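Here the structure is laid out as structure tokens; the discussion comes afterwards.
The values are calculated or read from the model by the stated rules, or taken from the named source; none is laboratory data. Keep in mind that this is a model prediction, so the values were computed, not measured. Don't worry about glycine lacking a Cβ; one is built from the backbone with ideal geometry, like all the others, and counts go over all protein chains shown. The accessibility values were calculated without ligands, DNA or RNA, using every heavy atom of the protein model including side chains. Shrake-Rupley method; radii C 1.70, N 1.55, O 1.52, S 1.80 Å.
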Amino acid sequence: MSTWQTLLAAALVITFVIEVVADVLNLRALAPEAPRDFRDLYDADGYRRMQAYTRERTRFGWIGSAVRLALLLGFWLLGGFGALDRWTRGLGWPEVPTGLVFIGALVIAQAILRLPFSWYATFVIEEKYGFNRSTARTFWTDVATGTGVAIVLGGPLLAAILWLFASAGPSAWLWCWAVVTAWTIGVQYVAPTWIMPLFNRFTSLPDGELRDALLAFAARNGFPLAGVWVIDGSKRSTKANAFFTGFGARKRIALFDTLLATLARAEVLAVVAHEIGHYKRRHVQWGLAIAILHTGVLFFVLSLVLETPAVFAMFAIDRPSVHAGLVIFTILMTPIELPLSLAMNALSRRHEYEADRFAVETVGSGRDLASGLRRLSADTLANLTPHPWYVALHHSHPPVVERVRALEGRR
Ligand SMILES: [Zn+2]
């Protein structure tokens, strides 16, 4: 192994170890009893179930990450990338189709590898704790639909990136940045009407007190709400959620049928108030701006990687190409993205508190949101005592105990 290979392999292993250490600390932080002000949420038996669920998911996660890391290191250090590159070149096709086959082969291999893990997570672990509502048919339909959407939407984008880097010269990264930004915004624009209905059924929330209350709340707070939809989340899981889709004056909110089944009307309104808070406090706009900036930086760094033959040599690839560079780049970025995700998670947690405060100010009190969050966390067997390092690494939302205490003005 060359020095650079050793360094990269070490960085990948260290990234893995950091995750496992955070997991171990998290498991050790599981307390024998719920925090005193949350005792009403779980009975002793329910609290033990939460602990067992957290342990089982964590340990299963280790198996998945260890297998992925071992296969990546094995494939790389045994010369797999070089061999795949020679095979695709042997087809004698032009540069862009050759690149699509090279990347496509790796993406497909990765997707097939992931299947047994997501099957086990759904039909064994989630099933055991009573969350799973998915059938084998739904599972395979999702796989087929997801693959179709990825090919139709991702294929042309990838071809465009390969083509631009091969022919647009030194400004290729700028062109790619513009194309990917336009593509991202375009996909978000068509997702509610063309893509999401492929996976779920959306129905308009029937007229009634809840609908009136939501529309009145939005109007009172100067928020253009074009529609309130119910989505059949119960098709896959008992876990509940809510989200916004659409732009400008065409924003709609989608409420999971499981959310409506779990929460009282005032609690649903408080959850929607929180979601509106993300728009009103400009979190959504910030998120988009950061994502666009991130894309630009990534393409600039990619353009540097493509100019560095030593990087290709590390992967036993004799003829540098855009497609091989793109794959190598994603591997190089794995350790670098870790500190970046720490910062993004910290920002996201701050935004959650701000959206909660918006809900408190507009609804008049934090009581309903707090009781809604309590109920949802008990229903999903949420860990009430996550370790701070685990929170820093993985939580885009503050731990529910801290959020509820802040909402109830006890923090
Ligand atoms: Zn939020």
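For the structure I just gave you, tell me whether Ala261 is in a helix (DSSP H, G or I), surrounded by 18 or more Cβ atoms within 10 Å (Cβ to Cβ), at negative phi and out of contact with any Ser or Thr (no Cβ under 7 Å at 6 or more places or on another chain). When the stated conditions are applied, Ala261 does not pass them. Every condition in (1) farther than 30 Å from Ala11 by Cα; (2) hydroxyl-bearing (Ser, Thr, Tyr); (3) away from the ligand (no atom under 16 Å from the Cβ); (4) open to solvent by less than 30 Å² (accessible area, probe 1.4 Å) holds for Ser365 except the one numbered (4). The one condition from (1) surrounded by fewer than 18 Cβ atoms within 10 Å (Cβ to Cβ); (2) within 19 Å of Glu209 (Cβ to Cβ); (3) not aromatic (Phe, Trp, Tyr) that Leu255 does not meet is (1). Taken together, the residues in the range 103-118 that are over 16 Å from Ala159 (Cα atoms), open to solvent by less than 80 Å² (accessible area, probe 1.4 Å) and either touching a Leu at 6+ places or on another chain (Cβ under 8 Å) or polar (S, T, N, Q) (or both) amount to 2. Of all the residues in the range 25-51, those that are surrounded by 14 or more Cβ atoms within 10 Å (Cβ to Cβ) and part of a helix (DSSP H, G or I) number 8.
Please determine, by comparing only the residues of the range 210-240 that are among the β-branched types (Val, Ile, Thr) and under 20 Å from the mean Cα position of the chain (by Cα), which one is most open to solvent (accessible area, probe 1.4 Å). Please lay out each step first, then the result.
So in the range 210-240, the residues among the β-branched types (Val, Ile, Thr) come out as 228, 230-231, 238.
Checking which are under 20 Å from the mean Cα position of the chain (by Cα) leaves us with 231, 238.
Working: Ile231: 7, Thr238: 42 Å².
This residue is Thr238.
Yes or no: the range 344-355 includes at least one residue that is away from the ligand (no atom under 16 Å from the Cβ), more than 20 Å from Leu407 (Cβ to Cβ) and either open to solvent by less than 30 Å² (accessible area, probe 1.4 Å) or not basic (Lys, Arg) (or both). Talk me through it step by step, then tell me what you get.
Restricting attention to the range 344-355, the residues satisfying the condition of being away from the ligand (no atom under 16 Å from the Cβ) are none.
The answer is no, given that none of the residues of the range 344-355 is away from the ligand (no atom under 16 Å from the Cβ), more than 20 Å from Leu407 (Cβ to Cβ) and either open to solvent by less than 30 Å² (accessible area, probe 1.4 Å) or not basic (Lys, Arg) (or both).
Out of the residues in the range 289-329 that are of a type in the set (S, T, N, Q) and assigned to a helix (DSSP H, G or I), state the one that is surrounded by the most Cβ atoms within 10 Å (Cβ to Cβ). Among those residues, the one meeting the criterion is Ser303.
For every residue, the table says whether it meets (1) under 30 Å from Asp23 (Cβ atoms); (2) open to solvent by 30 Å² or more (accessible area, probe 1.4 Å); (3) touching an Asp or Glu at 6+ places or on another chain (Cβ under 8 Å); (4) at pLDDT below 95.
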site	(1), (2), (3), (4)
Ser65	yes, yes, yes, no
Ala70	yes, yes, no, no
Phe75	yes, yes, no, no
Gly80	yes, no, no, no
Arg86	no, yes, no, no
Pro97	no, yes, no, no
Val101	no, yes, no, no
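Residue check: Ala406 meets all listed conditions (1) more than 16 Å from the ligand (Cβ to nearest atom); (2) of a type outside the set (Ser, Thr, Tyr); (3) part of a helix (DSSP H, G or I) but one, namely (1). In the range 258-312, what residues are touching a Gly at 6+ places or on another chain (Cβ under 6 Å) and either within 13 Å of the ligand (Cβ to nearest atom) or without any contact (Cβ under 8 Å) to a residue 40 or more places away in the chain (or both)? Passing the criteria: Thr258, Ala270, Val271, Val305. Screening Phe243 on (1) within 16 Å of the ligand (Cβ to nearest atom); (2) modelled with pLDDT under 90; (3) open to solvent by less than 30 Å² (accessible area, probe 1.4 Å) shows it passes everything except condition (3). Can you confirm whether the range 382-400 contains a residue that is open to solvent by 30 Å² or more (accessible area, probe 1.4 Å), closer than 30 Å to Leu260 by Cβ, part of a helix (DSSP H, G or I) and in contact (Cβ under 8 Å) with a residue 24 or more places away in the chain? Checking the range 382-400: at least one residue is open to solvent by 30 Å² or more (accessible area, probe 1.4 Å), closer than 30 Å to Leu260 by Cβ, part of a helix (DSSP H, G or I) and in contact (Cβ under 8 Å) with a residue 24 or more places away in the chain.
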